[in-house]
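Here is the structure we will look at, set down as structure tokens.
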Amino acid sequence: MNYLGMHFADWVVLAGYFLLILFIGLWSAKKVSDAADYFMGGRRFGKIFMMFFAFGSGTSSEQANAVVAGTWRAGLAGIWWQFLWLPATPFYWIIAPILRRIRALTTADFFGHRFGPKTAVLYSFYGIIISVVFIAGGLYSSGKMINALTGNALEDYAAKEENQRFVPEIVYDVVKPEAGEKADADPAAAPLEKSWHVRMRPVRGYEYAILVMTVLFVSYGMAGGLGAAIITDFIQGVLTVTFSVLLLPFVFSQIGGFGALGDHEQLKEGMFHFVADSSVASTLGKDPITFFYVCVLSLTALTGIIVQPHIMGVCGAGKTEYEGRFGFTVGNFLKRLCTVAWTFTGLACIAWYLGGASPLFDGKGEPVPYSELQMTKQDRENFNSLPKDEQERVLLSAMRLKARSAEEFKALPEDEQDWIDKKDKEFSDELFGRAAYDVLPTIAPGLIGLLMASLLAAVMSTCDAQMVVSSGLFTENIYKSHMVKGRSDRHYVWVGRIAGLVIVLAALILQATFTDVVQALKVMVKTPAAIGISMWFGIFWRRWNTKAVWVSTVCAALAWFVVAYHADVLYQITPEFAASTLFKSDTAMFDLYQSICYLGAGVLGGVITALLTPPEEEEKLNTFFTLLRTPVKEDEELPGPCMLPTNNAEQEPVIRLGGFQFPQPTRLGVGGFVIAWILVLIIVGFTKLLSTLV
């Protein structure tokens, strides 16, 4: 028996998973008695739970999907869409105990205590935006995967006339002027037409999957808060590891085993290049993944990681600072290992779908009839209405997509290349789910259900954590501090639950604006860094003040807006040599230089402001930096967030360099940092070694 493209056994597995997490949410709700229980889980968790919380809250199916999609487009170099965090991971061992010593319920508590209440409000709003972006990205990518796992049954359902539903969509259009004498003579006289507008469009099939996921994680997240998130992340972390490796051996079996992968190197230009320079035609999104690009992306990721709203919970929900340090670092190394599995799954998919055993082609290398492939009813009608020669072109580009690595692709007009690129992205966005749908049912019934449960576990563990911590930002730092004071803990918990629901609704609107999973991931990497600059400087530099926070954040955000949405203006005023280096077209700047521009603007604006304006009050600074020098004890008593414990007077020495202040290195800190870097080198070397063994 099949329903929505899935076997009865798959539905049984899914039902068992849904009942389990519902039980956990209801059980956790009984343990919520105050705001600390809801937003920080009572700070009662040990190393293993903290490890899986760090892994689960920071690992979502959009990351696996983005790596597989990136690998399809760029070969082995696609791994850097998750490995970009690898060089940053050793620093987690250093920063985690510092974040735990802040003893905050939310990251906004840090900004309020270090700078002032207005800065806490600034972060609260920005932190909510970060969470909205993260939830939207996770839901978008996961919805795509689930649709593919059903064999596009959800798209078929949405295409039926009786099921048509319409939703508003926010659209940003950039239209080039038509060629003419005036435009040819003076391009500036005919500027691009840009506009934001709202339009109605039909609900897409994958958005039904998004609604189901949303109902599930909102239900248990609103009930049990961060405690429920941490407990479910333990279960979901195990399932995420499962789905990371579940598909790999089965896809390899389709191409003759791991050793046969190297026989397909010719299918994708630069397929086994660890970095993809500008000479490789198949570079991801036309942005070369060079060593320099990876370094800048890693710096961007490190700048933004500590300011992500859920990180304060990742580092602060443990019994002591060691639990946060262990969980944050080891949990993320576990994620890096999963990235290797995702990448080789993508490489195997290249060999399978573009090779001689492709399910898209018959034994003679000809495309199978389009009606037999996964597609919606509307797709089929549109295809059948095309002339025969156009049908052949669609089959070549949209199904096999092999023209991307052939010389004839480079000879096509730009609009034709863009069209094929679009089809390539659509194919790669659902590649992980498509491969699972094609191979797992041939192994055993129920495996699709297991993979889908694992996928749901990955995305919901991230979304529930983001929902809870961002609702905490609104409740603790906006509503409680500036709107309604002096109410009961029960009142504030319920306000947090309602705020979380509104935040999720905003994420549902945002996900409708994404065009592909890699684009969504880029937005997720860049968004936190603008205000992350101030948190890094605020922890280590006494001179960084409230005005610097505002100026730095505004400068970075404005710079990002300009380079992302008005690059054409910069292109026209940039000297020819610089334009050919910084821009990939007359309307778009390379991502590498976008990151350099907005990070540079934020740092420069903040440093100049800090040097030209008075520092914070000396008493406030001394109180904050004393807090950072006081190690966390398991039995300490806190009078409130970001306050010194009443039963702990121990302080550690620091190193002062001018106005900068750093914790004095300890044997545990230095040893763990060195071991973490050794692990980084081992993971990189192991991945490179695997690519040479095929």
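The values are calculated or read from the model by the stated rules, or taken from the named source; none is laboratory data. From a predicted model like this one, the values you see are computed outputs, not experimental measurements. Counting neighbours? That spans all protein chains shown, and the Cβs are built from the backbone with ideal geometry, glycine included.
Counting just the residues of region 425-458 that are among the acidic types (Asp, Glu) and out of contact with any Lys or Arg (no Cβ under 6 Å at 6 or more places or on another chain), which one comes out surrounded by the fewest Cβ atoms within 10 Å (Cβ to Cβ)?
Glu426
Out of region 610-619, which residues are in a helix (DSSP H, G or I) and within 15 Å of Gly659 (Cα to Cα)?
Across region 610-619, the qualifying residues are Ala610, Leu611, Leu612, Glu618.
Could you say whether any residue in region 167-187 is touching a helix residue (DSSP H, G or I) at 6+ places or on another chain (Cβ under 8 Å), closer than 30 Å to Met535 by Cβ and either at pLDDT 80 or above or aromatic (Phe, Trp, Tyr) (or both)?
Taking every residue of region 167-187 in turn, at least one turns out to be touching a helix residue (DSSP H, G or I) at 6+ places or on another chain (Cβ under 8 Å), closer than 30 Å to Met535 by Cβ and either at pLDDT 80 or above or aromatic (Phe, Trp, Tyr) (or both).
Evaluate the following for Thr475: is it farther than 29 Å from Gly16 by Cα and in the same structural domain as Ile129 (by TED's automatic domain parsing)?
yes
Got a number for residues in region 81-92 being touching a Phe, Trp or Tyr at 6+ places or on another chain (Cβ under 8 Å) and either crowded, with 24+ Cβ neighbours inside 10 Å or not assigned by TED's automatic domain parsing to the domain that holds Phe125 (or both)?
Number satisfying all stated conditions: 2.
Take the residues in region 516-535 that are at pLDDT 75 or above and outside any helix (DSSP H, G or I); name whichever of them is surrounded by the most Cβ atoms within 10 Å (Cβ to Cβ).
Once the filter is applied, the top-ranked residue is Pro528.
Filter region 254-276 for residues that are in a loop (DSSP other than H, G, I, E, B) and surrounded by fewer than 16 Cβ atoms within 10 Å (Cβ to Cβ) and give the result.
Gly256, Gly257
If a residue has to be among the β-branched types (Val, Ile, Thr), assigned to a helix (DSSP H, G or I) and more than 14 Å from Phe111 (Cβ to Cβ) to count, how many in region 464-485 make the cut? Step through it out loud before you land on a result.
Just the residues of region 464-485 that are among the β-branched types (Val, Ile, Thr), to begin with: 468-469, 475, 478, 484.
Keeping just the survivors that are assigned to a helix (DSSP H, G or I) gives 468-469, 475, 478.
Imposing the further condition that a residue be more than 14 Å from Phe111 (Cβ to Cβ) reduces the set to 468-469, 475.
Result for region 464-485: 3.
Given the options Thr623, Thr687, name the one that is farther than 25 Å from Tyr92 by Cβ, β-branched (Val, Ile, Thr) and in a helix (DSSP H, G or I).
The conditions single out Thr623.
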